[in-house]
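What follows draws every value from the coordinates through simple rules; no lab data is involved. The shown structure was predicted, so the numbers you read here are calculated from the model rather than taken from an experiment. With ideal geometry, Cβ positions are generated from the backbone for all residues, glycine too; neighbour counts draw on all protein chains shown.
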């Protein structure tokens with residue numbers, strides 16, 4: 001089967017606008033989640049990882065007038081622009097498709113009804129890069145990013161396109177803050193994935209881009225799988241069967257042995273039920289000894305960007321032969337063993353697993369591999 | 001190997017049609033909520049979760065319920081079934097309902113029961129729970145139904161044997177306007193075990209034709 005490669009990447013979050021910049025905080029175990037008092041979006045102070053608007057505008061000014069674009073549009077375009085710099089893949093080509101992953105899009109514009117349709121948002125981005133193909137949008141809760149990469153891979157394998165610019169983003173808004181608060185899912189401090197004292201998730205905002213191509217480069221999108229728990233629309237499965245199924249399909253699709261997986265980039269939202277479910281699924285898959293982290297303790301849960309950002313940093317870590325600590329983790333708070341990393345680990349690995357799970361009972365798994 | 005569409009359903013303008021023939025006609029002038037409740041009651045099922053769903057989920061749930069009732073007679077394996085939906089307005093209809101509960105600082109009452117439906121793929125989750133469907137599932141957003149993309153994407157999954165059956169289509173609802181068009185695809189391999197089933201080739205041309213039927 002035709003192979004699909006990662007040609008270039010970008011991650012844009014509270015910790016920086018590039019993987020290089022983000023890496024500096026990650027290796028030092030420094031979180032970007034801070035206490036915010038913003039009555040305009042939350043009646044109560046909240047912990048979140050937000051992107052400074054002035055800093056974003058300063059970066060965006062290089063490309064266009066920030067006044068004509070929403071915060072999310074600026075984030076997505078800036079992320080894609082920075083990824084474009086590092087590749088020769090032509091973004092405007094008829095052989096390139098844009099694939100957008102987002103859960104809520106321009107949700108801060110709801111009252112003004114401006115650019116709130118997700119297909120419009122995707123068109124704004126694709127048109128910015130003079131790409132004439134109708135962009136594809138995937139909105140599948142918190143697995144959107146991982147699923148979007150799988151869509152990109154398949155469209156290239158099928159021969160429909162040669163390249164895919166897979167990008168995603170979401171912002172921290174009154175909408176999502178109040179919603180997760182109403183679920184009692186927000187952590188009273190920075191989130192602590194897999195830790196015994198975890199009390200919920202922290203929201204983050206971010207954008208990330210992966211440029212996929214049939215053109216050979218150092219990292220392969222080896223395989224993936226998506227499943228549904230068919231159990232509950234807002235609660236993760238108690239057994240982890242659904243995620244286990246997605247992981248099994250991904251391993252089979254990638255044609256690898258599970259022993260070759262050197263790192264697991266978990267979803268790790270730090271809600272009680274999510275982390276416990278993941279622990280059960282990974283034990284079922286025989287991956288409990290593999291070094292694992294969740295990056296959500298660093299940049300929060302960036303929703304539609306999460307799977308992409310975590311893939312970007314996983315690829316960066318694989319290339320630099322390191323595994324980042326799982327920020328916020330001290331002592332295991334899940335019922336079965338997991339090898340959660342507390343301090344940066346240095347050593348080479350050739351293959352890693354990225355997982356995600358979300359509302360609606362969906363699960364996704366993706367395997368990245370070094371080429372050759 | 002070719003794959004086949006074994007049934008399709010359309011719900012719009014207070015009419016449910018199954019495989020191109022009228023299945024249920026709602027009262028003239030009835031709003032969506034009243035209409036979909038009429039259809040639900042006509043099915044003679046008891047599934048109290050239905051009343052908790054938002055309108056987008058109710059629409060997709062009812063369309064899937066009727067379609068899968070016909071497919072269950074032929075038989076299919078839920079764990080090898082995928083669900084692939086598309087729409088234009090995502091969950092905006094419920095996004096506005098939820099937004100109205102938080103926009104007024106003096107009257108602020110965010111509800112988790114409403115918030116959970118502010119994602120388009122929840123309708124897929126509801127159908128999966130009802131039918132024990134555990135295969136791959138994706139919700140795509142497009143301005144209009146894109147038969148070319150849907151056909152090609154689902155064919156790719158069949159080709160790699162990731163699914164043997166697929167429930168696909170368009171589930172759109174926003175501010176009173178609604179349209180559902182779902183179809184069920186079976187792998188050619190599975191269909192040959194049931195030669196009595198009348199089916200159409202799963203192709204962009206077929207989809208374009210039955211979308212307007």
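For this structure, a couple of remarks:
- In this structure, residue B:23 and residue B:109 have a Cβ-Cβ separation that, at R0 = 41 Å, corresponds to a calculated FRET efficiency of about 0.55.
- Nearest 10 degrees, 0 to 90: helix B:147-159 Cα axis against chain B principal axis: 60
- Tilt relative to chain B, helix B:55-74 - C-alpha long axis, 0 to 90 degrees, to 10: 20
- Shielding by partners for peptide B:124-136, expressed as the average number of C-beta atoms from other protein chains within 10 Å of each residue's C-beta, is 6.
- Within the listed set A:110, A:177, A:212, the residue fluctuating most in the Gaussian network model of chain A (springs between alpha-carbon atoms under 10 angstrom) is A:110.
- Summed over qualifying helices (DSSP H, 4 residues or more, each -39500 (n - 2.57)) and divided by its residue number, chain B shows a 222 nm mean residue ellipticity of -10500 deg cm²/dmol.
- Rg(Cα)/(2.2 N^0.38 Å) for the protein assembly as shown, N = residue count: 0.91
- Once the Cα-Cα distance is subtracted from the 0.36 nm per residue extended length, the residue A:95 to residue A:2 segment shows a gain of 31.9 nm.
- Shielding of A:173-185 by partner chains, average beta-carbon count, 10 Å: 5
- The spacing between region B:134-213 and region A:38-75, judged by their C-alpha centroids, is 39 Å.
- The simple Förster model, with R0 at 22 Å and r as the Cβ-Cβ distance, assigns residue A:252 and residue B:211 a FRET efficiency of 0.05.
- Gain on full stretching of the segment that runs from residue B:49 to residue B:100 - 0.36 nm per residue minus C-alpha separation: 16.0 nm
- For chain B, modelled as a GNM whose springs connect Cα atoms under 10 angstrom apart, the maximal fluctuation among B:182, B:59, B:201 occurs at B:201.
- Protection proxy ranking, highest mean first, for peptides B:61-68, A:162-169, A:261-268: A:162-169, A:261-268, B:61-68, where packing is the per-residue count of other beta-carbon atoms within 10 Å, averaged.
- Relative to one another, the C-alpha centroids of region B:40-61 and region A:81-147 are positioned 33 Å apart.
- Cβ-Cβ FRET estimate between residue A:20 and residue A:260, R0 fixed at 25 Å, reported to 0.05: 0.40
- Between region B:69-125 and region A:280-325, the C-alpha centres lie 28 angstrom from each other.
- A crude spin-label estimate for the pair residue A:197 and residue B:38, with each label 7 Å from Cα along the Cβ direction, gives 6.0 nm.
- Gain on full stretching of the segment that runs from residue A:34 to residue A:120 - 0.36 nm per residue minus C-alpha separation: 27.8 nm
- The angle between the Cα long axis of helix B:122-131 and the longest principal axis of the Cα atoms of chain B comes to about 60 degrees, rounded to the nearest 10.
- Candidates A:302, A:134, A:96, ranked by Gaussian network fluctuation over chain A, Cα under 10 Å, top entry: A:134
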